[in-house]
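Let me begin by presenting the structure, written as structure tokens, before commenting on it.
No lab work stands behind these numbers, since they all come straight from the coordinates. Since this is a predicted model, take the numbers as computed values, not measurements. When we count neighbours, we look across all protein chains shown, and the Cβ atoms used for this are built from the backbone with ideal geometry, even at glycine.
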Amino acid sequence: MTVLNGGRERWVRTGGVELCVVELGDPRQPTVVLVHGYPDSKEVWSEVAARLAGRFHVVLYDVRGHGRSTAPSPLRGGFTLEKLTDDFLAVADAVSPDRPVHLVGHDWGSVQSWEFVTVKRTEGRIASFTSMSGPSLDHFGHWINQCLRRPTPRRVGQLLGQGAKSWYVYLLHTPVLPELAWRGPLGKRWPGILERVEKVPGGDYPTASLPSDAAHGAWLYRDNVRPRLRRPREDAYAHAPVQLITPLGDAFLSERLYDGLELWAPRLTRRTLPAKHWVPRTRPDRLADWITEFVTATEDGRSGTAASGKYADRFGGQLVLVTGAGNGIGRATALAFAEAGARVVAVDRDAEAADRTAELSRLIGARAAWAQAVDVSDGQAMEKLAARVAAEYGVVDVLVNNAGIGLSGSFFDTTPEDWKQVLDVNLWGVIHGCRLFGRQMAERGQGGHIVNTASAAAFQPSRALPAYGASKAAVLMLSECLRAELAGQGIGVTAICPGLVNTNITATAHFAGVDAEEEKRRRQRATRLYGARNYPPEKVADAVLEAVVHNRAVVPVTPEARGAHLMSRIAPGALRRLARVKPPL
């Protein structure tokens with residue numbers, strides 16, 4: 001891959017092998033060592049390394065028998081964790097003799113790095129460890145023993161589930177067969193398999209040494225898995241801060257493997273990612289951000305100080321943009337993401353209200369927060385906003401199109417101007433957000449999520465809400481269509497449909513067909529009604545975060561919204577009859 005071609009190459013000799021090492025960035029900066037997995041080479045880290053090199057001294061090396069590093073002879077017994085630890089120490093001493101290094105491992109790079117960070121002879125040489133998609137074999141062994149000693153139905157299910165995910169481990173223990181497969185058709189087809197199944201860009205996957213790399217790497221499993229799982233160490237405690245990044249769609253490893261990890265890694269920071277196994281290739285931006293944050297915090301003596309709010313493991317450091325964030329559901333949503341450690345962009349046409357939301361976000365835990373005064377119905381203003389956010393803060397990870405206005409009145413009392421205003425904000429504001437920020441997500445190719453605030457009025461007809469209900473029904477259908485279109489790119493789309501929520505939308509809602517005095521009276525009456533219902537916007541915000549975490553399509557919020565949604569499916573006629581009832585306003 002071209003990204004590593006500009007690096008400084010050196011060779012490190014240890015234990016009868018020569019390791020190919022590449023360095024990027026300024027050697028005076030903290031050193032970050034990236035260790036690859038199976039059947040990869042150091043090239044798997046190319047995108048992450050490029051993003052880290054501006055801040056750190058980045059070091060990558062081909063594990064023995066992989067890439068351009070030589071293989072031990074004989075192969076049997078040449079890939080034990082003890083020898084891999086020797087290799088790591090040799091590399092660390094060569095690239096950073098006077099300072100401890102920050103260790104990052106993926107897949108088998110993480111498995112062996114757990115060994116590095118838990119043995120006595122590496123104490124003082126590792127400043128921090130970021131692990132992804134690779135557990136400690138000792139911790140794995142204790143987890144299996146715990147499941148077997150106390151075989152509750154849940155534990156048995158978890159054990160059987162992981163056993164099914166580990167099918168390839170059994171095959172790699174068979175003699176000769178893995179080597180023949182990798183040197184035959186599997187080696188040729190592997191990049192295409194990754195591209196189809198894991199959505200890993202396969203066009204530039206390093207294939208020249210893949211068959212021999214994979215054949216040699218089978219000994220990683222044969223030399224280590226069974227011995228360690230049978231006799232796991234009792235003292236496998238991490239002597240450095242650990243950041244665990246768990247891809248939630250990992251086809252090879254269960255999340256349950258990391259249950260109780262705090263026992264073995266007391267200074268633990270957890271992160272979760274809606275992605276599959278090969279995250280160094282599919283989510284390089286997110287990994288680089290989290291590694292940078294963790295390494296910087298460790299260097300500053302702040303390890304273990306990550307945000308601790310609900311879903312902090314999922315949203316910490318992510319860039320979240322919320323429209324209509326000046327008050328109500330929008331402000332509550334922005335603050336919920338802030339509490340989870342996200343970076344928040346609060347957008348509202350009221351500049352002062354947006355500033356206040358950004359200020360509150362910073363106070364309660366946002367990694368950073370900014371305010372932007374924009375009218376979402378203004379297409380050109382939204383285009384400028386999207387360009388400015390991308391240039392100054394990066395591509396948005398979560399977009400919440402929340403801005404909206406209320407409009408009540410009969411169809412014939414609703415003027416064309418009323419229709420234009422409500423559609424411009426409630427529908428076109430969502431369209432502008434999805435089109436501009438959604439396109440950026442899609443072009444980045446690293447997933448994301450879009451939340452569009454619809455309403456229970458989207459599926460609950462009312463004689464008093466023809467324009468408002470039509471705008472929200474359009475938002476609901478737009479969300480469903482966009483969800484189908486973006487699913488293959490790892491971008492989720494959710495329509496949030498609240499019922500009666502205690503916000504100030506009633507104080508600004510327009511009532512068509514009445515004079516100013518009557519409109520004021522109806523606003524006051526609506527405000528009292530919503531206040532008496534007293535459903536807080538914070539509960540809607542909680543539903544938004546939960547919907548993103550679980551990638552839900554349509555989320556009715558409040559009991560009346562859930563009831564109306566159910567009736568729209570099983571008893572639409574009854575819902576239509578209810579729509580004829582004259583509202584109390």
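Brief remarks on what is shown
- 5 angstrom amide H check on ALA325, placed H, neighbours 5+ away: VAL347, ASP348
- The stretch 2-299, relative contact order [Cα under 8 Å, separation at least 6], %: 21 percent
- Compared with the direct C-alpha span, the chain from ARG533 to ARG439 gains 30.0 nm at full extension, assuming 0.36 nm per residue.
- Lys/Arg +1, Asp/Glu -1 at C-beta; the stretch 287-444 dipole; positive extreme among ALA358, VAL320, GLY429: VAL320
- Where labels lie 7 Å past Cα in the beta-carbon direction, separation of MET477 and LYS165 in nm: 4.1 nm
- Sequence-distant residues sharing a close amide H with VAL451 (under 5 Å, placed H): LEU399, VAL400, ASN401, THR494
- Distance between the pseudo-spin-label points of ARG226 and GLU123 (7 Å out from Cα toward the beta carbon): 3.4 nm.
- Acute angle (nearest 10 degrees) that the helix 210-230 long axis makes with the longest principal axis of the chain, alpha-carbon atoms: 90 degrees
- Cα gyration tensor shape for the stretch 2-299, rounded if a/c is under 1.5, else prolate or oblate: rounded
- Potential lengthening between ARG267 and GLU518 on full extension [0.36 nm per residue; Cα-Cα distance subtracted]: 84.2 nm
- 16 Å Cα-Cα reach of LYS310 towards lysines, excluding residues that sit fewer than 8 places from it in its own chain: LYS539
- The ranking of LEU171, LEU4, LEU399 by Cβ neighbour count inside 10 Å, starting from the fewest, reads LEU171, LEU4, LEU399.
- Separation of the stretch 462-492 and the stretch 534-564, taken as the distance between their Cα centroids, equals 15 angstrom.
- DSSP beta bridges in the stretch 2-299 [antiparallel fraction, %, rounded to 5]: 30 percent
- Residue order, fewest to most surrounding Cβ atoms within 10 angstrom, among MET441, MET477: MET477, MET441
- Which listed pairs, of LYS384/LYS582; LYS276/LYS420; LYS42/LYS120; LYS420/LYS582; LYS276/LYS472, have C-alpha distances above 32 Å, in listed order: LYS384/LYS582; LYS276/LYS420; LYS276/LYS472
- Computed label-point distance, nm, for sites ARG580 and LEU177 using a 7 Å Cα→Cβ extension: 7.0 nm
- 0 to 90° range, to nearest 10: angle between helix 379-392 axis and the chain longest Cα axis: 30 degrees
- Amide hydrogen proximity for TRP370: with H placed 1.01 Å from N in the peptide plane, the residues at 5 or more positions away or on another chain lying under 5 Å are VAL344, VAL345, ALA346.
- Relative contact order [Cα under 8 Å, 6+ residues apart], the chain, whole percent: 10 percent
- Fewest-first ranking of ARG569, ARG349, using other Cβ atoms within 10 Å as the exposure measure: ARG569, ARG349
- Our note on the geometry: Cα centres of the stretch 207-239 and the stretch 342-385, 48 Å apart.
- Axis angle, to the nearest 10 degrees, between helix 516-533 and the longest C-alpha principal axis of the chain: 50 degrees.
- Applied to the stretch 489-499, the Karplus parametrisation 6.51 cos²θ - 1.76 cosθ + 1.60 on θ = phi - 60° returns per-residue 3J(HN,Hα) values of 9, x, 10, x, 9, 10, 9, 8, 10, x, x Hz, with x for Gly and Pro.
- Added length on full extension, which subtracts the Cα-Cα distance from 0.36 nm per residue, LEU186 to ILE364: 59.0 nm
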